[in-house]
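Inspection log for the structure reproduced underneath, given as structure tokens.
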Amino acid sequence: MNAARACLLFAFSTTLLASGAMSQQIQVSRCESKDGTVTYSNRECPAGTSPVRKVNTSPPVAVPDQKAAKDRAKKDAAEVKQTDKEREQKAAEEKRAADKREKSEVKVADRCERARRDLARAVQARNALDTKAATVEQMQKASQEVSRRDAELPKFCPT
């Protein structure tokens, strides 16, 4: 009797699934007795049986829906890949720009240091002429060199 009932219930639930008449998913449980008799129920398991597992009653996914889902997944994966590629390119561009700025700053610092050293040498050379006998022409030339180097300093050392 239990086997016939189980077969009838199974056939009924299969018919409902196949016909698509289910507007909502029904919870169906597989129930087994101690002697191994299997019963399917959409309510509590009958007396003398215990629930073993829930039965998946959801209809299978239609082939067109599967294909559409796979296509969406491929499209999404391609978009993610493109976004990652764009991020990597942007990061590389930013790194190159930062490296270029740093290199430029180092160049400016080197030029500034060189200009300061040249000014210091010119001042030192002019001061050396003050301590020894030098012609007026040599003194004027040394002062002009100091003035020129002093005027160039802001060009090489922007503040």
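State yes or no: is residue 58 among the hydroxyl-bearing types (Ser, Thr, Tyr), modelled with pLDDT under 95, open to solvent by 60 Å² or more (accessible area, probe 1.4 Å) and assigned to a loop (DSSP other than H, G, I, E, B)?
Numbers: among the hydroxyl-bearing types (Ser, Thr, Tyr): yes; modelled with pLDDT under 95: yes; open to solvent by 60 Å² or more (accessible area, probe 1.4 Å): no; assigned to a loop (DSSP other than H, G, I, E, B): yes.
No; evaluated as a whole, the condition is false for this residue.
Quick check, is residue 105 open to solvent by less than 70 Å² (accessible area, probe 1.4 Å), at pLDDT below 95 and part of a helix (DSSP H, G or I)? Before the answer, list the steps.
On the way: open to solvent by less than 70 Å² (accessible area, probe 1.4 Å): no; at pLDDT below 95: yes; part of a helix (DSSP H, G or I): yes.
Against the criterion (open to solvent by less than 70 Å² (accessible area, probe 1.4 Å), at pLDDT below 95 and part of a helix (DSSP H, G or I)), residue 105 does not qualify.
How many residues are open to solvent by less than 70 Å² (accessible area, probe 1.4 Å) and either of a type outside the set (A, V, I, L, M) or at pLDDT 95 or above (or both) if we restrict to the stretch 128-149?
3
Would it be correct to say that residue 63 is over 22 Å from residue 26 (Cα atoms), without any contact (Cβ under 8 Å) to a residue 12 or more places away in the chain and either surrounded by 10 or more Cβ atoms within 10 Å (Cβ to Cβ) or touching a Phe, Trp or Tyr at 6+ places or on another chain (Cβ under 6 Å) (or both)?
Details: over 22 Å from residue 26 (Cα atoms): yes; without any contact (Cβ under 8 Å) to a residue 12 or more places away in the chain: yes; either surrounded by 10 or more Cβ atoms within 10 Å (Cβ to Cβ) or touching a Phe, Trp or Tyr at 6+ places or on another chain (Cβ under 6 Å) (or both): no.
Criteria not met by residue 63.
Among 98, 125, which is out of contact with any Asp or Glu (no Cβ under 7 Å at 6 or more places or on another chain), modelled with pLDDT of 95 or more and in a helix (DSSP H, G or I)?
98
Suppose we filter the stretch 31-44 for residues that are assigned to a loop (DSSP other than H, G, I, E, B) and open to solvent by less than 60 Å² (accessible area, probe 1.4 Å); how many remain? If you could, list the steps in order and put the result at the bottom.
The first filter runs over the stretch 31-44 and keeps only residues assigned to a loop (DSSP other than H, G, I, E, B), leaving 34-37, 42-44.
Add one more test, that the residue is open to solvent by less than 60 Å² (accessible area, probe 1.4 Å), and what stays is 36-37.
Looking only at that region, the number is 2.
Has the stretch 22-30 got any residue that is of a type in the set (Ser, Thr, Tyr), open to solvent by 90 Å² or more (accessible area, probe 1.4 Å) and at pLDDT below 85?
Yes, there is a match, as at least one residue in the stretch 22-30 is of a type in the set (Ser, Thr, Tyr), open to solvent by 90 Å² or more (accessible area, probe 1.4 Å) and at pLDDT below 85.
Does residue 83 meet the test of being open to solvent by less than 90 Å² (accessible area, probe 1.4 Å), in contact with a Cys (Cβ under 6 Å, 6 or more places away or on another chain), at pLDDT 85 or above and polar (S, T, N, Q)? Reasoning before the result, please.
Numbers: open to solvent by less than 90 Å² (accessible area, probe 1.4 Å): yes; in contact with a Cys (Cβ under 6 Å, 6 or more places away or on another chain): no; at pLDDT 85 or above: yes; polar (S, T, N, Q): yes.
Criteria not met by residue 83.
Residue 47 is checked against (1) assigned to a helix (DSSP H, G or I); (2) at pLDDT 85 or above; (3) exposed (fewer than 14 other Cβ atoms within 10 Å of the Cβ) and fails just one. What number does that condition carry?
(1)
Residue check, residue 136 against (1) among the β-branched types (Val, Ile, Thr); (2) in contact (Cβ under 8 Å) with a residue 24 or more places away in the chain; (3) over 30 Å from residue 31 (Cα atoms), all met but one. Which one?
Condition (2) is where residue 136 drops out.
The values are calculated or read from the model by the stated rules, or taken from the named source; none is laboratory data. The shown structure was predicted, so the numbers you read here are calculated from the model rather than taken from an experiment. A quick note on method: Cβ atoms are made from the backbone with ideal geometry, for glycine too, and the neighbour counts reach across all protein chains shown. Keep in mind that these areas ignore ligands, DNA and RNA; they rest on the heavy atoms of the full protein, side chains included. Shrake-Rupley method; radii C 1.70, N 1.55, O 1.52, S 1.80 Å.
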